[in-house]
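Asker: Sharing a structure with you now.
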Amino acid sequence: MKILISADMEGATGVTWPADVLPGHEQWQRCRRMFTSDVNAAVAGFFEGGADEVVVNEAHWTMRNLLLERLDERAVMLTGRHKELSMVEGVQRGDVDGVAFVGYHTGAGAEGVLAHTYLANSITGVWLNGVRASEGLLNSRVVAEFGTPVVLVTGDDRTCEDARGYAPGARTVAVKDCVSRYAAVCRPPARTAEDIRAAAKEAVVLAIRHQPARDAGPFTVELEFDAEHLVGAATVVPGVERTGERRAAYTSDTMYEGIRCFKAVTTVVSAAVEEQYG
């Protein structure tokens, strides 16, 4: 049995504001240890539950945040950027039985600690076939096309609520309760590690590959930006069309194509953002 952990950082234990997750900050160095602790707890639980192999895919920012030297030695880690499927890289090989979203968060425009979708700012909302979409929802549709279920989600309490919409059978662990986008009531890492370990152990029974959802499309992704000129940037990507003053959308037959187009749009848009004025 093979488990893939997609590890993001905004939903990690103790993380509440930008300096906690931005490389180079003193707080980031501190929170890297708690982020690694969350991942290690999931790894331990999956092995206790009967997994044979656990692959950790670094999914935050530069994708070089987890401390390899502190990683559970039974796991392996894919670190670094420019991957075919970004946050869920590896699922396309077709041998992953279950996916865990560790350290996830709510989507742009939603309530939640450090809520966003791919870009920290600039994007104020994303909708997938008319439903407001977090990174969790988008990635869950990608892995479904390879027959892989989402079995575990960790993050703040709002993230766990969000997960019930796209992975209703998955185990969830709230490591903190949202107070605002930059504040939360946090549980200590010793407590969250035990909660994550126990949930991962239980989640192993859900790691059963199913029929790939290859005919679930088409998928229409609509994005709302905080400035009109970003729509102009987004529509440079073939297939992306303006749908409003600050909105653009595209349609893909599969979520594999859809998430790759989303990556292209966010890359182009981020390059069009100027300091202070956005």
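Throughout, read-outs are computed from the coordinates displayed, never taken from laboratory work. Keep in mind the model is a prediction, meaning the values are calculated, not measured. Cβ coordinates were reconstructed from backbone atoms using ideal geometry, including for glycine residues, and neighbour counts include every protein chain displayed.
Asker: Please list, ordered by chain and number, the residues whose modelled amide H lies under 5 Å from the amide H of residue 125; skip anything fewer than 5 residues away on the same chain.
Answerer: 224
Asker: Another question, if that's okay. With θ taken as phi - 60° and the coefficients 6.51, -1.76 and 1.60, list the Karplus ³J(HN,Hα) couplings across the range 110-116 in order, rounded to whole Hz; mark glycine and proline as x.
Answerer: 9, 6, x, 5, 6, 4, 5
Asker: For residue 245 and residue 182 in one chain, what is 0.36 nm times their gap in residues minus the Cα-Cα distance, to one decimal in nm? Kindly include the intermediate steps, with their values, before the conclusion.
Answerer: Numbers: separation 63, 0.36 × 63 = 22.68 nm, distance 2.88 nm.
Between residue 245 and residue 182, full extension yields an extra 19.8 nm.
Asker: Any idea what angle helix 135-144 forms with the longest principal axis of the chain, computed on alpha-carbon atoms, 0 to 90 degrees, nearest 10?
Answerer: It is inclined by approximately 80 degrees.
Asker: On C-alpha positions alone, give me the angle between the axis of helix 26-49 and the longest principal axis of the chain, in degrees, nearest 10.
Answerer: Approximately 60 degrees, to the nearest ten.
Asker: On the Cα set of the range 8-54, report Rg and Dmax in Å, please.
Answerer: Over the range 8-54's Cα set, Rg and Dmax evaluate to 12.7, 38 Å.
Asker: Computed over the Cα atoms, what is the radius of gyration of the chain divided by 2.2 N^0.38 Å, N being its residue count? Before the final figure, lay out each step's value.
Answerer: Working: Rg = 17.7 Å, N = 278, 2.2 N^0.38 = 18.7 Å.
Rg over 2.2 N^0.38 Å, computed on Cα atoms: 0.95.
Asker: Shifting gears a bit: State the Cα centre-to-centre distance between the range 89-111 and the range 210-225 in whole Å.
Answerer: Each part's Cα centre sits 15 Å from the other's.
Asker: What ranking, highest mean first, results for peptides 78-91, 100-113, 247-260 when packing means the other Cβ atoms within 10 Å averaged over each residue? Walk me through the numbers before you get to the answer.
Answerer: On the way: 78-91: 17.6, 100-113: 26.1, 247-260: 19.7.
Answer by packing, highest mean first, reads 100-113, 247-260, 78-91.
Asker: Two-decimal Rg/Rh of the range 191-241 from alpha-carbon positions, Kirkwood Rh? Before the final figure, lay out each step's value.
Answerer: Values: Rg = 20.3 Å, Rh = 15.7 Å.
The Rg/Rh ratio comes out at 1.29.
Asker: Gap in Å between the Cα centre of the range 128-146 and the Cα centre of the range 45-72?
Answerer: Value for the Cα centre distance between the two parts: 22 Å.
Asker: Provide the gained length on full extension for the span residue 226 to residue 205, in nm with one decimal, where the gain is 0.36 nm per separating residue minus the Cα-Cα distance. It would help to have the intermediate numbers written out before the result.
Answerer: Values: separation 21, 0.36 × 21 = 7.56 nm, distance 4.25 nm.
Result for the pair: 3.3 nm of gain on full extension.
Asker: Starting from 0.36 nm per residue, how many nanometres of slack lie between residue 52 and residue 78 once their C-alpha separation is accounted for? Show your work: numbers first, answer last.
Answerer: Values: separation 26, 0.36 × 26 = 9.36 nm, distance 1.73 nm.
Full extension of this stretch gives 7.6 nm more.
Asker: Same structure again: Could you state the principal axis extents of the C-alpha atoms in the range 167-278, from the largest down, to the nearest angstrom?
Answerer: So the extents along the principal axes, rounded to whole Å, are 47, 42, 20.
Asker: Give, to the nearest whole percent, the P(r) tail of the range 20-172 beyond 28 angstrom, counting all Cα pairs. Working shown, then result.
Answerer: Working: 1701 of 11628 pairs.
Result: 15 percent of Cα pairs exceed 28 Å.
Asker: Tell me which residues come under 5 Å, amide H to amide H, from residue 57 once H is placed; ignore anything under 5 positions away on its chain.
Answerer: The list, which skips near neighbours in sequence, is 5, 6, 7, 78.
Asker: Using only Cα atoms and rounding to the nearest 10 degrees, what angle (0 to 90) does helix 189-203 make with the longest principal axis of the chain?
Answerer: Between the helix axis and the principal axis of the chain, the angle is about 90 degrees.
Asker: Describe numerically, in nm with one decimal, the distance between label points set 7 Å from Cα along Cα→Cβ at residue 64 and at residue 95.
Answerer: 2.8 nm
Asker: Each residue of the range 78-93 in turn: what ³J(HN,Hα) in whole Hz from Karplus with 6.51, -1.76, 1.60 and θ = phi - 60°, glycine and Pro shown as x?
Answerer: My calculation for the range 78-93 gives 9, 10, x, 9, 6, 10, 3, 10, 6, 5, 10, 3, x, 5, 5, 6 Hz in order.
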